[in-house]
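Quick notes on the structure that follows.
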Amino acid sequence: MYKNFIKRLLDLVAATIGFLLASPIFTVVWIVLLVKNNGSAFFFQERPGKNERIFKIIKFKTMNDKTDANGELLPPSERLTKAGIFVRKYSLDEIPQLLNVIKGDMSLIGPRPLLVKYLPRYNAFQKQRHNIRPGITGWAQVNGRNAISWEQKFEYDVWYVKHLSFMLDLKILFLTVYKVFKKDGIYSVENDIVPDFMGTQTNQDN
């Protein structure tokens with residue numbers, strides 16, 4: 001009942017209220033990034049959602065589009081702007097995703113939607129993370145985020161899928177708020193940029 005109906009209803013109500021309450025912050029960040037990024041405040045990218053259905057995620061753009069002499073984009077650490085670092089530090093770049101939640105592409109809580117190019121690289125066990133809507137935050141995010149391996153993240157994601165409940169979502173929500181404020185002063189660009197997932201050697205099936 002919760003998984004198939006109540007969770008979506010709570011997502012819709014909470015995301016709508018949250019977006020309205022965050023609209024002043026949304027507007028300020030939008031204007032600042034509009035100026036800092038020369039007219040480009042939003043970042044759109046295709047991501048796989050529930051049942052691997054592709055949708056476009058929306059976030060605040062925290063990197064510029066500077067390229068090298070060959071026209072290739074510079075490394076993320078060199079393109080991340082000062083304004084972008086501040087926005088990421090306090091997770092303000094996630095605010096636009098409330099629109100994805102309202103639309104039904106995402107949930108407030110669930111496995112993070114990753115890159116489309118990773119789809120062929122998942123094993124049968126890891127693919128279970130797409131059995132539900134992806135989330136703005138999730139069990140893996142409150143248990144290490146980028147400080148843990150890809151395999152551990154997927155373990156947490158699949159565990160969440162199998163144990164999804166209202167109380168678990170509530171716990172993740174409170175832990176997310178706590179961690180957003182706790183990481184003040186310990187944020188670093190290096191910790192926020194992780195290497196691509198290239199696949200897992202062992203093929204788990206359970």
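The values are calculated or read from the model by the stated rules, or taken from the named source; none is laboratory data. Model, not experiment: these values are computed from the prediction. Note: ideal-geometry Cβ built from the backbone for every residue, glycine included; neighbour counts use all protein chains shown. Just the protein is used for accessible areas: all its heavy atoms, side chains included, with ligands, DNA and RNA removed. Shrake-Rupley method; radii C 1.70, N 1.55, O 1.52, S 1.80 Å.
Can you find even one residue in region 49-60 that is at pLDDT 90 or above, assigned to a helix (DSSP H, G or I) and open to solvent by less than 40 Å² (accessible area, probe 1.4 Å)? The answer is no; no qualifying residue exists. Candidates ILE54, ILE6, ILE17, ILE25: the one that is β-branched (Val, Ile, Thr), touching a residue at least 40 places away in the same chain (Cβ under 8 Å) and within 18 Å of ILE109 (Cβ to Cβ) is ILE6. Could you look through region 154-189, keep only residues that are over 24 Å from LYS127 (Cα atoms) and hydroxyl-bearing (Ser, Thr, Tyr), and pick out the one that is modelled with the lowest pLDDT? Within region 154-189, the match that is modelled with the lowest pLDDT is TYR187.
Of the residues PHE166, PHE174, PHE154, PHE125, the single one that is free of Cβ contacts under 8 Å to residues at least 12 places away in the same chain and among the aromatic types (Phe, Trp, Tyr) is PHE174. In region 75-88, the residue that is modelled with the highest pLDDT out of those that are open to solvent by 40 Å² or more (accessible area, probe 1.4 Å) and over 17 Å from the mean Cα position of the chain (by Cα) is LYS82. Considered as a group, the residues in region 100-113 that are within 12 Å of the chain's Cα centre (by Cα) and open to solvent by 30 Å² or more (accessible area, probe 1.4 Å) include one that is nearest to ALA14 (Cα to Cα), and that residue is LEU108. Taking (1) among the acidic types (Asp, Glu); (2) under 26 Å from LEU168 (Cα atoms); (3) open to solvent by 40 Å² or more (accessible area, probe 1.4 Å) in turn, ASP68 satisfies each apart from (2).
Taking region 127-152 as the range and being farther than 22 Å from ASP11 by Cβ and assigned to a helix (DSSP H, G or I) as the test, the residues that pass are LYS127, ASN146, ALA147, TRP150, GLU151, GLN152. Going through (1) open to solvent by less than 30 Å² (accessible area, probe 1.4 Å); (2) more than 24 Å from LEU12 (Cβ to Cβ); (3) modelled with pLDDT of 95 or more one by one, ASP192 falls short only on (3). ASP11 falls short on exactly one of the conditions (1) modelled with pLDDT under 95; (2) buried (at least 16 other Cβ atoms within 10 Å of the Cβ); (3) not in a strand (DSSP E or B), and that condition is (1). Here GLN126, GLN97 are screened, and the one residue that is within 22 Å of PHE166 (Cα to Cα) and buried (at least 23 other Cβ atoms within 10 Å of the Cβ) is GLN97. Within region 133-142, can one find any residue that is loosely packed, with under 14 Cβ neighbours inside 10 Å and β-branched (Val, Ile, Thr)? The answer is no, given that none of the residues of region 133-142 is loosely packed, with under 14 Cβ neighbours inside 10 Å and β-branched (Val, Ile, Thr). Do we have any residue at all in region 22-36 that's open to solvent by 60 Å² or more (accessible area, probe 1.4 Å), of a type in the set (A, V, I, L, M, F, W, C), under 21 Å from VAL180 (Cα atoms) and under 14 Å from the mean Cα position of the chain (by Cα)? No - not one qualifying residue is present in region 22-36. A residue that is modelled with pLDDT under 85, assigned to a helix (DSSP H, G or I) and under 16 Å from the mean Cα position of the chain (by Cα) can be found somewhere in region 89-98.
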